[in-house]
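Comments concern the structure below.
Just so you know, all these numbers are worked out from the coordinates, no wet-lab data involved. Note that the coordinates shown come from a computational prediction; the quantities given were computed from them, not determined experimentally. Backbone-built Cβ (ideal geometry, glycine too); neighbour counts: all protein chains shown.
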Amino acid sequence: MNPSNPLATHIAVRDGMILGAGSLPELEGWGEYTLDETFADKVILPGFVEAHAHVMTGGMMLHPYLGFFDRPTADGGVAPGIKSYNQLIEALIAEDAKLEDPGQQLIAVGFDPIYFPDQPRLTRHHLDQVSRTRPIYLHHASGHLATVNTAMLEANNVSASLRVDGLGRDDAGELDGELREFAAMALCKTGTREVQYSNSREEALRDFGALACNAGITTCTDLAGSAILAPKVLQMWHKVTGDDAFPMRIAQYNIPAMPGNTTDFDAVANQFIQLRREQTDKLRFPGVKFVLDGSIQGFSALLNPPGYFKGEDHGQLLAVPEQLMDWLLPFHKAGLNIHMHCNGNKTQDLAIETVAQLIRADPWLDHRHTITHAQLTTQAQLRKMARLGLCANFFTNHIWYWGDQHYDITVGPERANALEPCASAIREGVSFSIHSDAGVTPLGSLHTMWCAVNRLTPSGRVLGATEKISAAQALRAVTIDAAYQLHLDDEIGSLEAGKQADFAVLEEDPLAVDPLHLRDIKVWGTVLGGRQYKAAG
Amino acid sequence: MILFTVIGGYLGAGKTTLLNNILQNSQDRRIALLINDFGEINIDAGLIKSQTEAQINLTNGCVCCSLSDGFHEAIEQLASASFPPQHIIVEASGVADIFNLSQYGYSPQMTLDGVVIVADAETVVAKANDKYVAQTVRRQLAAADLIVLNKIDLVTRDKVKDVTKWLTENFPAATIIEAEAGRVPSALLLGIHDKHADPGNLDPGHHAHEQYSTWHFHSGHTVTNNSLTEFVAQLDESVVRAKGFALLEGGTCVQFQLVGSRREISPYPSPAEGISVVAIGLRGVLDLAALDKLADELFPEPG
């Protein structure tokens, strides 16, 4: 990914830093050396930079997985996807048998009803087939729903007489075990608490690091919640990332402005500056994240006309437009990079207008502010973004995981074909990265590249062939162009003299294989700051 | 049971002023106010007993809690306190999903008392048609039991009429209360807590209550479930709020309330004696004679 020196046979490293890449004679001038031939038959690439993930969702891997698609596990294996309710029940019966204490509740994660459109809703009666006595809590992939069994309702004294709207009911008015949104989910406290607790555990972070290593990822952008401002949490992150065994750098972006939090953003910007004083090579705080809307598949993203194709519009704006400028300006002025979550193109208009105002108020031209997800970015928006220096961070994994649903249900054929418009971004001059949003979809840069290059859906459809990009372009989007958005492209993202010796070590060359084979390339592991980390399994 | 009220409204509608008014006129009730930002609320220094980063304790028994640790955590903490508040009022952020928030009022230890949305008479129609916030503003108004049409003194009377007409047509489930500078009698916003409330002690020191009148009914005799249901159904939109307790034939005690167009009859654990009802409405609109007639018909003296 160094255009001045694209290919080399050897790479020289000292104290975690790249001295240079070239032929052995070219590098010998650096003096005494040990020739390490571990990777003689491998392909060394710049370590992958995951552009948008949530590292604490490693906690979800501590529970049995019941999602529709296969998902890699920290030990290098695969948790198989669940394709039918029968499989789901069988998998839970197997998990139930593993628990010795009959009173211990069973938490499972990853279920998404969108993949079972022809089935009746999953209810407590399905889960009661697993156990009538052990409480079971099935946390859905969206995070907005759960399905529980009768024992879980009873354990939390949730009865049909409660009138919370999100309690699912059958025609007779009896509870069906579905809990929609937080007021209803909170009624099954024992379950919600254990799910929340999983995402605060040290093991969650360590497991995520292992997953990253298995995928060739050396830096992960954590676009997560605000818990890290709590001293205890920050201390845990410093402890884990400071451990030599932890194979990953984290670029952490906090969310300061979810509704309900403070609105004194000068003070919050100052907290970020304080965080930076203690940052390390493995835990960096480049900026701040704002969430402006919901998701497309949840119908809670804000869409410009003509709106959703089928299904009811639940568009939810999570920022007050009149306040957005006030919120962002202190960060922009402090030189903090801003990543804005926009799934819908209406919210994206708001983000673009606001960045134009920021630049007028304070002409920082090298801001590299980024619209993350940016799934429905229009051509007009790309032209504006290019002018304003805004970057895009496309959620290309959506093409595979929800592409058919977007085509058939959410936005319809035309806009589904234009989803994650990588080729247009190149043509219009918008710098972009691509991401997994793990744990929303599985972590894996090669898979994320595969989506951008092939644009295939599970039904076999090619979603918008004109927006395909080459493997070389996709590789930039998971290395140097992802690093650019973090203002870290001078340290990571390419194999270049003076930069960190961070490598993804692969068994095959992603630029030489059949593009359809990209996601199947085996990963040996990574090198981080010159230290080798072999993938598990 | 802790009463639960959500107060929402878009940025600039006047939520904070309204909340300040509530705290100054708490009717001696222990109110816990959950707010986004202490910086916005302006509490008289004389009213502050003690203050921490997350909580302000007032001399009148009320507390203000910050939502910085999350909504659910704040609610849990209050509900499980050794001396829990009688009423929790949540200030929803300008873009909150009010309906989902209001559902916390149906949690086991709570009763949803009402959803109050504050609307700025001058801007609400424009906001409800704004490119970015139209859906948000309309969804909030649709979740309201009571809409406080605020700042009416800053617009013409014709404008107030137009906005009221528009609100009534688009959000028929809500009752509209006009207000200047967020001044609304607490009994209208937070319910009637004195069985023998009369207009004089509704909200002493407030001139706004002169716009309202109150109707009372009491009978020492039990009533039938059918007549009570019929009574509650017959209360029309001239009644902004009503509340009562009744001992049904058969020995069950129930409470019932009406807020806007939301009517609820639910079991009541404490024993009631006969039937007691209090209703509030606009002075001159609330038809006291018609209410007397309705009650006499449905709850006749035996013999």
Inset, instruction - Using only Cα atoms, tell me the angle between helix A:202-215 and the longest principal axis of chain A; keep it within 0 to 90° and round to the nearest 10. - result: 60 degrees
Inset, instruction - Could you check the simple spin-label distance between A:Gln104 and A:Glu278, using points 7 Å along Cα→Cβ, in nm with one decimal? - result: 3.4 nm
Inset, instruction - For a footprinting-style exposure proxy, rank A:Val195, A:Val355 by other Cβ within 10 Å, fewest first. - result: A:Val195, A:Val355
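Students often get this wrong, so check it: of A:Lys310/A:Lys346; A:Lys42/A:Lys522; B:Lys131/B:Lys159, which have C-alpha atoms separated by over 20 Å?
Working: A:Lys310/A:Lys346 18 Å; A:Lys42/A:Lys522 10 Å; B:Lys131/B:Lys159 22 Å.
Going by Cα-Cα distance, B:Lys131/B:Lys159 fall outside the 20 Å limit.
Based on DSSP loop calls and a cut-off of at most 13 other Cβ atoms within 10 Å, the longest stretch of chain A free of exposed GluC sites (Glu not before Pro) is what?
Details: sites that count: A:Glu32, A:Glu37, A:Glu100, A:Glu174, A:Glu278, A:Glu312, A:Glu507.
The longest uninterrupted stretch comes out as A:313-506.
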Legend entry - Restricting the stretch A:154-256 to trypsin sites (Lys or Arg not before Pro) in coil, as DSSP defines it, with at most 15 other Cβ within 10 Å: A:Arg163, A:Arg201
Legend entry - Selection of chymotrypsin sites (Phe, Trp or Tyr not before Pro), the stretch B:81-149, meeting DSSP coil and at most 10 other Cβ within 10 Å: none
Legend entry - For chain A, calculated [θ]222 nm from helices alone, where every DSSP H run of n ≥ 4 adds -39500 (n - 2.57): -8500 deg cm²/dmol
Legend entry - Order of A:Cys188, A:Cys451 - criterion: other Cβ atoms within 10 Å of each residue's Cβ, fewest first: A:Cys188, A:Cys451
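Loop-only trypsin sites (Lys or Arg not before Pro) in the stretch A:303-355, please: DSSP not H, G, I, E or B, and at most 12 other Cβ atoms within 10 Å.
Numbers: sites: A:Lys310, A:Lys333, A:Lys346; in loops: A:Lys310.
Passing sites in the stretch A:303-355 are A:Lys310.
Given a Förster distance of 60 Å, report the FRET efficiency between B:Glu264 and A:Glu90 from their Cβ-Cβ distance, rounded to the nearest 0.05.
On the way: r = 44 Å, r/R0 = 0.73.
So the FRET efficiency works out to roughly 0.85.
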Inset, instruction - Give me the percent of DSSP beta bridges within the protein assembly as shown that run antiparallel, rounded to the nearest 5. - result: 50 percent
Legend entry - Pairwise centroid distance, computed over Cα atoms, of the stretch B:157-180 with the stretch B:65-144, Å: 21 Å
